[in-house]
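S.K.: Just dropping this structure here.
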């Protein structure tokens, strides 16, 4: 370990691993400046037993975004219904509504992806 690192730098990490089914067709967009981005959603399921011992399934949907080489891979090889494993980081983004209200949403920015 680098002894010059501050304690605060060691204790923080933003890392997400998620496995699920692509639940929306990957949509490629062009950002100002010409950079391409792909947005899609991923559905995950959690299985658990309720208080009565009955199997319950909870489904969640996650927003994902990807840049660079992942744009081409997702555009060419991935579609709604494909299972993938994603490694990335959680990113919060901000926007203004038409009425000028500031809103925030979080999404996973893809660093690595495996088609299952």
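S.K.: Residues to consider are 71, 28, 86; find the one that is touching a residue at least 40 places away in the same chain (Cβ under 8 Å), touching a helix residue (DSSP H, G or I) at 6+ places or on another chain (Cβ under 7 Å) and surrounded by 10 or more Cβ atoms within 10 Å (Cβ to Cβ). Step through it out loud before you land on a result.
M.R.: Working: 71 fails: touching a helix residue (DSSP H, G or I) at 6+ places or on another chain (Cβ under 7 Å); 86 fails: touching a helix residue (DSSP H, G or I) at 6+ places or on another chain (Cβ under 7 Å).
It is 28.
S.K.: Can you tell me how many residues within region 74-83 are part of a helix (DSSP H, G or I) and either over 19 Å from residue 16 (Cβ atoms) or touching a helix residue (DSSP H, G or I) at 6+ places or on another chain (Cβ under 7 Å) (or both)? Full working, then the answer.
M.R.: Let us first name the residues in region 74-83 that are part of a helix (DSSP H, G or I), namely 74-77.
With the extra rule that they be either over 19 Å from residue 16 (Cβ atoms) or touching a helix residue (DSSP H, G or I) at 6+ places or on another chain (Cβ under 7 Å) (or both), the set shrinks to 75-77.
Residues in region 74-83 being part of a helix (DSSP H, G or I) and either over 19 Å from residue 16 (Cβ atoms) or touching a helix residue (DSSP H, G or I) at 6+ places or on another chain (Cβ under 7 Å) (or both): 3 in total.
S.K.: Taking the condition of being at pLDDT 95 or above and either over 19 Å from residue 88 (Cα atoms) or over 13 Å from the mean Cα position of the chain (by Cα) (or both), how many residues in region 17-28 meet it?
M.R.: Final tally of qualifying residues: 2.
S.K.: From the list 2, 14, exactly one residue is exposed (fewer than 13 other Cβ atoms within 10 Å of the Cβ), modelled with pLDDT under 95, part of a loop (DSSP other than H, G, I, E, B) and touching a strand residue (DSSP E or B) at 6+ places or on another chain (Cβ under 7 Å). Which is it?
M.R.: Working: 2 fails: touching a strand residue (DSSP E or B) at 6+ places or on another chain (Cβ under 7 Å).
From the options 2, 14, the qualifying one is 14.
S.K.: Among the residues in region 65-73, are any part of a strand (DSSP E or B), in contact with a strand residue (DSSP E or B) (Cβ under 6 Å, 6 or more places away or on another chain), at pLDDT below 95 and farther than 14 Å from residue 41 by Cα?
M.R.: Residues of region 65-73 that are part of a strand (DSSP E or B), as a first pass: 65-67.
Then keep just the ones that are in contact with a strand residue (DSSP E or B) (Cβ under 6 Å, 6 or more places away or on another chain); that gives 65-67.
This time we only want the ones that are at pLDDT below 95, so: none.
Scanning region 65-73 turns up no residue that is part of a strand (DSSP E or B), in contact with a strand residue (DSSP E or B) (Cβ under 6 Å, 6 or more places away or on another chain), at pLDDT below 95 and farther than 14 Å from residue 41 by Cα.
S.K.: From the list 47, 62, which residue is under 20 Å from residue 14 (Cα atoms) and assigned to a strand (DSSP E or B)? Show your work before the answer.
M.R.: Working: 47 fails: under 20 Å from residue 14 (Cα atoms).
Only one candidate qualifies: 62.
S.K.: Can I ask one more? Return the pairs, sorted by first residue and then second, in which the second residue is not in a strand (DSSP E or B), the first residue lies in region 92-110 and is touching a residue at least 12 places away in the same chain (Cβ under 8 Å), the beta carbons are less than 6 Å apart, and the residues are 6+ apart or on different chains.
M.R.: 110/70
The values are calculated or read from the model by the stated rules, or taken from the named source; none is laboratory data. For clarity, every value in this text was computed on a predicted model and none was experimentally measured. All Cβ positions, glycine included, derive from the backbone under ideal geometry; neighbour counts span all protein chains shown.
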